[in-house]
Amino acid sequence: MEYRRLGTSGLKVSALSFGSWVTFGEQVDEEAAAACMKAAREAGVNFFDNAEGYAQGKAESVMGAIIRKSGWKRSDLVISTKIFWGGKGPNDMGLSRKHIFEGLEASLRRLQLDYVDLVFCHRPDKETPIEETVRAMSRIVDMGLAFYWGTSEWRAEDIRTAYALARREHLVPPTMEQAQYNMFHRERVEKEYRRLYEDIGLGTTTWSPLASGYLSGKYLRGFPEGSRLSLRGYGWLRKRFEGSEGAEKLAKVKKLVKVAAGLGVTLPQLAIAWCLRTPGVSTVITGASRPEQVKENMKALDAVRLLTGDVLARIEKILGNSPEPEPDFRS
């Protein structure tokens, strides 16, 4: 396993990490979840990601029970959660001071932990001033309930605002961003955040490297039973596959399968390795419903070296979606 600094912080996270979204509390039972986490840990994964909104808190309860029973040394683990969707009450959602404190306390109870290493603002909150959120998150760190805090799917402008405010008021600033990143979703990580990597030392924990299953290759022949597209509540995702945009992506997937085969790797390994090689990516969060999937995903580390300039050029030709660089009006 390779370990990378999370931005310019002193914290090191495994280049490949493991997340509980979709699977824990919904797609797999605790026994299967435990087998997946054990396989990840044996591969050297130290970062495990969660959120209060995953399966209405059940994902945290499952992960917490597994950690408690595992016998793993707490200091060897990096555990995260995210705060935003905590319930249906008027103060059970968002990034108010009240919900940040109450939401994190509830998460810690479910996780059976005294603290998390990372806590993220799961989405931007238009109804709460950024200053209120920054002060609350800084206080969370000061109290020892989390060691670092960050954002998820925030605009670069808002991250910079939060960072500057924290520095000006001598508060703890955000140091990481959790963003979707894959071959079909590139603009934010590759272009929008580019200056933040150098200006404020932003680290990224990226999610959905297989683009909600597109890059797994398993949907080329339909929707297998037991996949996330067959789960209740994921009809919105299935519609994406069935539309014209989905058909266009699947056509590209067929070509990418050939590229992967030529390298002697699977399509998921190629897709994850492609994310790993991107500057600014601290860790790629993977997911799985079976330990065999975990073991296969971990092999993506070995596939990074296969991504030569010629291979990357072939991939870019298939994707045709490289973000436009900032214009240089001197040239």
Query raised in the report: Could you count how many residues in the range 27-56 are among the acidic types (Asp, Glu), farther than 19 Å from Ser80 by Cβ and touching a Ser or Thr at 6+ places or on another chain (Cβ under 7 Å)?
Result: 0
Query - Checklist (1) surrounded by fewer than 20 Cβ atoms within 10 Å (Cβ to Cβ); (2) in contact with a Gly (Cβ under 8 Å, 6 or more places away or on another chain); (3) hydrophobic (A, V, I, L, M, F, W, C) applied to Leu165, failing item - result: (2)
Report task. Find all pairs meeting these conditions: Cβ atoms under 7 angstrom apart; at least six residues apart or on different chains; first residue within the range 300-315 and within 27 Å of Phe18 (Cα to Cα); second residue surrounded by fewer than 11 Cβ atoms within 10 Å (Cβ to Cβ) and not basic (Lys, Arg). Result -> none
Query raised in the report: Restricted to the range 306-324, and to residues that are in a loop (DSSP other than H, G, I, E, B) and either among the β-branched types (Val, Ile, Thr) or in contact with a helix residue (DSSP H, G or I) (Cβ under 7 Å, 6 or more places away or on another chain) (or both), which residue is nearest to Leu250 (Cα to Cα)?
Result: Ser322
**Report entry** Options Gly44, Gly10: the member that is touching a residue at least 12 places away in the same chain (Cβ under 8 Å) and either touching a helix residue (DSSP H, G or I) at 6+ places or on another chain (Cβ under 6 Å) or not in a helix (DSSP H, G or I) (or both)
**Finding:** Gly44
Query raised in the report: Given the structure, is Ser75 small (Gly, Ala, Ser) and either within 16 Å of the chain's Cα centre (by Cα) or more than 21 Å from Thr205 (Cβ to Cβ) (or both)?
Result: no
Requested in this report: Among the residues of the range 96-152, count how many are of a type outside the set (A, V, I, L, M, F, W, C) and closer than 19 Å to Lys58 by Cα.
Outcome: 11
Query raised in the report: Out of curiosity, is Ser289 modelled with pLDDT under 95 and under 17 Å from the mean Cα position of the chain (by Cα)?
Result: yes
Query raised in the report: Restricting to the range 293-321, what's the tally of residues that are loosely packed, with under 13 Cβ neighbours inside 10 Å and among the small types (Gly, Ala, Ser)?
Result: 3
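The values are calculated or read from the model by the stated rules, or taken from the named source; none is laboratory data. Keep in mind the model is a prediction, meaning the values are calculated, not measured. Glycine gets a Cβ as well: all are built from the backbone with ideal geometry, and neighbour counts include every protein chain shown.
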